[in-house]
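Written out below as structure tokens is the structure these notes cover.
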Protein chains: 4
Amino acid sequence: MSDIGHNSGEPQTGGVAADRLRSIVERVERLDQERKALGNDIKDVYTEAKSAGFDVPVIRKLIQIRAKDAAEVEEQEQILDLYRRALGM
Amino acid sequence: MSDIGHNSGEPQTGGVAADRLRSIVERVERLDQERKALGNDIKDVYTEAKSAGFDVPVIRKLIQIRAKDAAEVEEQEQILDLYRRALGM
Amino acid sequence: MSDIGHNSGEPQTGGVAADRLRSIVERVERLDQERKALGNDIKDVYTEAKSAGFDVPVIRKLIQIRAKDAAEVEEQEQILDLYRRALGM
Amino acid sequence: MSDIGHNSGEPQTGGVAADRLRSIVERVERLDQERKALGNDIKDVYTEAKSAGFDVPVIRKLIQIRAKDAAEVEEQEQILDLYRRALGM
DNA sequence: CGGCCGTCTAAGGATC
DNA sequence: GATCCTTAGACGGCCG
């Protein structure tokens with residue numbers, strides 16, 4: 001038998017599992033809307049940059065490099081932390 | 001001569017174009033952080049869904065289909081418009 | 001050390017890796033030429049269609065829709081398969 | 001009245017215009033299939049290149065540069081031809 | 001870690 | 001003929 005979710009004894013229609021599913025779907029859709037909105041905001045900033053005469057792909061590359069650098073700094077700190085714990089500090 | 005942005009007469013370092021560029025980069029990075037945070041929130045919801053015994057890929061597909069249906073209504077209207085123009089209406 | 005391809009011990013110039021690279025580039029360029037030629041052939045057909053009095057954008061849309069319909073049949077089968085697996089069938 | 005193609009006096013169904021349209025659609029679809037097949041072939045070559053340890057985006061860039069150079073050579077020859085005709089040669 | 005999805009770039013078409 | 005825009009292909013990130 002294939003029930004929805006874990007509540008094996010619950011009715012499949014109008015039950016708590018259905019409510020739970022609805023909640024999940026709605027929350028994801030809501031979050032995804034906000035996420036898309038931020039994507040549009042970013043696009044707007046790039047449009048503004050282009051209007052100001054900047055080279056947008058170059059700026060994208062620049063931000064990408066900055067993000068990578070930040071990630072590597074993070075990685076270095078994690079390694080440092082590993083060493084510190086290895087040394088009991 | 002390769003200047004930054006439109007301000008051809010401005011100094012390349014410390015000028016207004018550099019400030020403008022800095023503003024653009026910082027705004028994009030800020031928005032992108034928020035965007036990534038929302039991505040994590042969505043991931044959390046799916047993790048919760050999985051814990052509740054739901055089939056996550058199926059839920060993803062469900063949400064995808066709901067979004068696509070909305071998009072196709074738009075598309076149909078565009079096609080209808082194309083045909084109307086082809087027929088001189 | 002930055003070598004070409006996997007052949008860490010090979011000389012960088014005149015080695016087998018260079019030959020391999022040359023082969024790849026030439027094959028891609030050859031295939032791309034044929035691809036561009038087909039694009040021109042398609043363009044010719046549309047030119048003929050226009051000469052015959054047909055509405056080319058509408059024909060393009062028609063072909064696009066036919067392709068999309070075929071793709072959606074595939075997609076539906078994939079979704080069905082997903083659901084079947086989700087239900088353990 | 002909106003007829004298909006130029007043959008204003010022909011019947012709209014089963015007429016020569018419908019046959020002509022069908023011919024056009026089928027030829028375009030056929031050519032497009034071959035075009036897509038070549039795209040897949042190219043993709044296969046790149047997959048092979050990747051397996052051999054090459055950096056695929058770099059190879060793409062390389063081919064792009066070569067294509068541009070070829071185009072410029074072509075352009076130079078056209079200009080040369082223009083000059084030759086201008087000089088009656 | 002290999003494939004898949006969404007996003008970004010770039011090529012091609014429609015429009016003026 | 002040039003420009004803008006839309007769409008197909010390539011790249012990066014995410015899931016399985």
Dipole magnitude of chain D about its Cα centre (Cβ charges: Lys, Arg +1; Asp, Glu -1), debye to nearest 20: 180
For labels at D:S51 and A:T47 in the simple 7 Å Cα→Cβ model, what's the distance in nm? 4.5
How do C:Y83, A:Y83, D:Y46 rank when sorted from fewest to most other Cβ atoms within 10 Å of their own Cβ? A:Y83, C:Y83, D:Y46
Taking a cut-off of 17 Å between Cα atoms, list the aspartates and glutamates near B:K43, but don't count ones fewer than 8 places away on the same chain. A:E26, A:E29, A:D32, A:E34, B:D32, B:E34, B:D55
Based on the Cβ-Cβ distance of D:Q64 and A:V58, what FRET efficiency does E = 1/(1 + (r/R0)^6) give at R0 = 22 Å, to the nearest 0.05? 0.80
Exercise: per-residue mean of other protein chain Cβ atoms within 10 Å, C:50-62: 5
Once label points are set 7 Å from the Cα along Cα→Cβ at both B:Y83 and B:A71, what is their separation, rounded to one decimal in nm? 2.2
How do C:S23, B:S51 rank when sorted from fewest to most other Cβ atoms within 10 Å of their own Cβ? B:S51, C:S23
Determine the shielding of peptide C:35-47 by partner chains: average, over its residues, the number of Cβ atoms on other chains within 10 angstrom of each Cβ. 4
Between copies, how far does the label point of B:R60 sit from its twins, in nm, shortest first, when each point is 7 Å from Cα along Cα→Cβ? 2.3, 2.4, 3.4
Those lysines that a straight Cα-Cα span of less than 28 Å connects to A:K50, excepting residues fewer than 8 apart in one chain: A:K36, A:K61, A:K68, B:K36, D:K61, D:K68
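Readers should treat all values here as calculations from the given coordinates under stated rules, not as data from a laboratory. Everything numeric here is computed off the predicted structure, so don't read it as measured data. Positions of Cβ are backbone-derived with ideal geometry, glycine not excepted, and every protein chain shown enters the neighbour counts.
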